[in-house]
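This report concerns only the one structure given below.
Bear in mind these aren't lab numbers, they're just calculated from the coordinates by the rules spelled out. Bear in mind that the values here come from a model prediction, so they are computed numbers and not experimental data.
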């Protein structure tokens with residue numbers, strides 16, 4: 001959106017401007033990288049095959065350089081394997097894979113950086129290891145990296161304008177949001193669910209649970225972000241009736257409080273990791289997890305700025321006085337803008353007269369609902 005920053009060539013012009021600070025993105029970069037790692041799987045797990053894996057990535061630090069940003073962080077990898085253990089045909093292993101990668105930036109040099117990472121694909125494979133019964137896990141994780149450089153700028157913006165001579169000014173204003181700062185938010189909290197498998201075959205051994213959080217409400221207060229929603233749960237478990245794993249799907253409400261504030265809650269992403277399942281009774285299962293919050297946040301401020309200016313012919317006016325009640329947030333400048341005419345050579349002169357009539361000594365001490373006598377010229381008195 002374009003805004004008016006100044007007006008020229010108008011007689012008796014009075015401008016109200018303010019210098020506002022803003023944050024502008026000056027460079028961006030995106031890059032896909034393939035991260036590889038391998039580790040040993042102990043013989044005690046009796047792993048016979050590796051089935052699939054899930055992963056999430058977090059950026060812990062970002063360093064700037066000439067036309068580039070270096071991102072470092074961790075990949076949290078969870079791998080599901082088939083096992084020869086009769087009581088537990090599936091086992092889950094967890095691995096942390098560090099990464100450090102460079103992203104090229106296109107644009108100008110900034111004074112701050114923020115970055116993020118998303119997992120685009122995961123491939124895992126296990127083969128027989130050197131020790132009897134052990135296996136070696138090989139993993140490839142495709143990361144999508146992004147980085148932005150931003151620069152702080154001071155802008156002199158037009159808030160209001162009027163004339164004391166000649167034509168009148170008609171101003172069109174709109175609420176405009178400006179960026180104050182960019183930041184990458186990452187935080188995590190632990191959670192717990194209790195599942196009641198009413199009407200299901202009794203649980204012998206819970207194997208694994210898959211969770212998908214769906215947000216229904218978010219509130220912010222006191223530096224905290226409260227998130228509520230429904231957790232979609234798929235539970236995989238063993239029973240005494242069959243050696244084939246059984247599944248159970250349900251939705252459970254959840255509520256989580258994160259130690260952060262975000263300006264754009266619609267941009268946050270929730271993911272889960274470190275999911276553990278344990279039997280409480282034959283029909284109750286406890287699910288523990290860690291809920292991660294990621295967000296590329298932009299701190300915003302909003303002002304009513306002038307977007308269009310038009311000149312209109314002024315009508316001749318006769319002098320008078322008006323009993324006026326000030327509005328919330330109003331100043332003597334606002335009153336001068338509304339009622340001052342070309343008979344006064346400047347807002348300062350008009351405000352001085354208003355203060356004299358009302359015995360005002362401090363411009364700042366104007367309260368909502370205060371009665372003020374103001375001089376003005378009106379065409380209605382002719």
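Shown here are the Rg and Dmax of the Cα trace of segment 74-118, at 19.4, 61 Å. Note on segment 218-325: Cα-Cα pairs beyond 19 Å make up 68% of the total pair count. The equivalent ellipsoid that matches the C-alpha gyration tensor of the chain spans semi-axes of 66, 26, 14 angstrom, in descending order. In summary, segment 196-266 shows an alpha-carbon radius of gyration equal to 1.53 times the 2.2 N^0.38 Å reference for compact globular proteins.
Averaging Cα coordinates gives a centre for segment 275-316 and one for segment 14-76; these two points are 21 Å apart.
Using every pair of separate Cα atoms, the Kirkwood estimate puts the hydrodynamic radius of segment 20-101 at 16.0 angstrom.
Computed from Cα positions, the angle between helix 347-358 and the longest principal axis of the chain comes to roughly 80 degrees.
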